[in-house]
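Here the structure comes first, spelled out in structure tokens, and everything after it is commentary.
The values are calculated or read from the model by the stated rules, or taken from the named source; none is laboratory data. Everything numeric here is computed off the predicted structure, so don't read it as measured data. Cβ placement follows ideal geometry from the backbone for every residue including glycine, while neighbour counts extend to all protein chains displayed.
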Amino acid sequence: MKYLVMVQGTQADYEGMRGKASEHAATWTEEELQAMYAYMGAINDDLAESGEIIDAQGLAEPARTRLVSRTPDGGTEITDGPYSETKELMAGYWVLECESLERVTEIAERVSRCPGPKGQTGHPVVIRPIMDGAGDIC
């Protein structure tokens, strides 16, 4: 089965990675950033070796996001970021093909232990099965 594994983050998290601390996120040192990249790289290497990884990407900060939606009158509303500091959005993802929900949960748990600055509480990791067809809805 294919799964989308999403790491959530906030605009404040991206600011903290650039050295701007706030009440919502700690400041990252260069060593902490390198440790995070190495940790995630090791996960990607392991998933490539096991053949479970289909795709994985980090995403740009929420401030660079654009939301396109329909209005009640049938028009289109276009909103640019940034979003509220407390609003969590997808910060990165993996598309994986795993034997079971238990296996993808093991991977998500490993992702959730990614190192960061002292005092960081970690970020939620969401698992969503990818539907193969309309039969998956029922």
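Within the span defined as the range 87-94, every residue fails to be surrounded by 13 or more Cβ atoms within 10 Å (Cβ to Cβ), at pLDDT below 95 and over 14 Å from Thr10 (Cβ atoms).
Over 30 Å from Asp132 (Cα atoms), in contact (Cβ under 8 Å) with a residue 24 or more places away in the chain and touching a helix residue (DSSP H, G or I) at 6+ places or on another chain (Cβ under 6 Å) - does that describe any residue in the range 30-45? No. Any residue that is within 22 Å of Gln34 (Cβ to Cβ), modelled with pLDDT of 90 or more and assigned to a strand (DSSP E or B) - is there at least one of those in the range 109-129? Within the range 109-129 (the criterion being within 22 Å of Gln34 (Cβ to Cβ), modelled with pLDDT of 90 or more and assigned to a strand (DSSP E or B)), the answer is yes, since at least one residue qualifies. If I ask for residues that are within 30 Å of Thr105 (Cβ to Cβ) and either in contact with a Pro (Cβ under 9 Å, 6 or more places away or on another chain) or among the aromatic types (Phe, Trp, Tyr) (or both), which ones from the range 46-75 would you list? Those that are within 30 Å of Thr105 (Cβ to Cβ) and either in contact with a Pro (Cβ under 9 Å, 6 or more places away or on another chain) or among the aromatic types (Phe, Trp, Tyr) (or both): Glu61, Pro62, Thr65.
With respect to Ala60, determine if the residue is within 30 Å of Leu101 (Cβ to Cβ) and modelled with pLDDT of 95 or more. For Ala60, the condition - within 30 Å of Leu101 (Cβ to Cβ) and modelled with pLDDT of 95 or more - is not met. Of all residues in the range 46-56, those that are closer than 22 Å to Leu33 by Cβ and either modelled with pLDDT under 95 or touching a strand residue (DSSP E or B) at 6+ places or on another chain (Cβ under 6 Å) (or both) total 2. Looking across the range 1-28, the residues that are loosely packed, with under 15 Cβ neighbours inside 10 Å and either acidic (Asp, Glu) or without any contact (Cβ under 8 Å) to a residue 12 or more places away in the chain (or both) come down to Arg18, Gly19, Lys20, Ala21, Glu23.
For the range 63-72, taking the residues that are surrounded by 10 or more Cβ atoms within 10 Å (Cβ to Cβ) and among the aliphatic types (A, V, I, L, M), the one that is modelled with the highest pLDDT is identified as Ala63.
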